[in-house]
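The values are calculated or read from the model by the stated rules, or taken from the named source; none is laboratory data. Note that the coordinates shown come from a computational prediction; the quantities given were computed from them, not determined experimentally. Cβ placement follows ideal geometry from the backbone for every residue including glycine, while neighbour counts extend to all protein chains displayed.
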Amino acid sequence: MILRSKKEGTKFHILVEIAAHQPDVRQKEIADKIGITPQAVSEYIKDLVSEGYLYSDGRVRYRVTKKGVEWVLERAQELKKYARYVMEDIVSHVSVATAIAKKKVTKGVKVSLWMEKGLLYAGTHNSEVIGTTISDADEGEDVGVTDLKGIIGLPEVKITVCKVHRAEKGGSRSVDLEFLRKHAFDKPYIVAIGVEALISLRKIKIQPSVLFGARESVVEAAFHGLSSLVVSVDEEVPPLLNRLEDEGLNYEVVDLSK
């Protein structure tokens, strides 16, 4: 997480409070809100001004600068991702995690857990995450695992967004199919947005994983460690990119035009 120290966390809180109440900011109110002394707030504000995150007109009136806003947004995005990780991958698994048995297991045995193509598996594997099964399960069945130790790592996610023109501008006929095939080669999760995108994929013998609800499905896939190829009609690309940026996900955009 980006907020690596108490000092950095305090700076974040002070900037947020100033942004919410600028330009007339009472240092005592900030101190009471975040639990430090007014003197400490004053020192932090001096540092923030010198670092270029705050602007002061010299009359105890402060404004968060563009640099300060960008710094807060970067940290807020990291906090959002961390909160999601805690809620979905930690809190929800405190009692029992549900995995797919890689082989037949019996109740009460120690198993390793790992991710494959967005799914959690349990069995014998070179993994730093272990737990104890709560029931018998045959190979391929769902099995509950408790007493988890370790954090399940996810692979680096790559999201490639490929643009296709609308039918009136050539549609799938304007697509460089070999270029599309190259980008689709190593992507386990393929999404189509628009008929033109669907037909382009069909021309290279690929049936997309998702046709509807594409934006959310790509985000969910990413948080399960799945890289995605999104083939989209060009006018739907901007809202998709906005959604990915909201979640702090990296992507590349490719134009498939011949």
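Do the conditions hold for V254, that is, is it touching a residue at least 40 places away in the same chain (Cβ under 8 Å), over 21 Å from K117 (Cβ atoms) and out of contact with any Gly (no Cβ under 6 Å at 6 or more places or on another chain)? So V254 fits the description; yes.
Among the candidates D138, D142, D176, D186, the residue that is surrounded by 14 or more Cβ atoms within 10 Å (Cβ to Cβ) and either outside the structural domain of V105 (by TED's automatic domain parsing) or among the charged types (D, E, K, R) (or both) is uniquely D176. Of all residues in the stretch 53-71 being of a type in the set (V, I, T) and at pLDDT 85 or above, which is nearest to the chain's Cα centre (by Cα)? Only one residue tops the list, namely V69.
For the stretch 166-223, filtering for residues that are among the aromatic types (F, W, Y) and touching a residue at least 40 places away in the same chain (Cβ under 8 Å) leaves 3. Cβ-Cβ under 9 Å, sequence separation 6+ or interchain: first residue in the stretch 232-250 and closer than 11 Å to V161 by Cα, partner of a type in the set (S, T, N, Q) and surrounded by 18 or more Cβ atoms within 10 Å (Cβ to Cβ). Which pairs? Listed by first residue and then by second, the contacts come to L240/S232.
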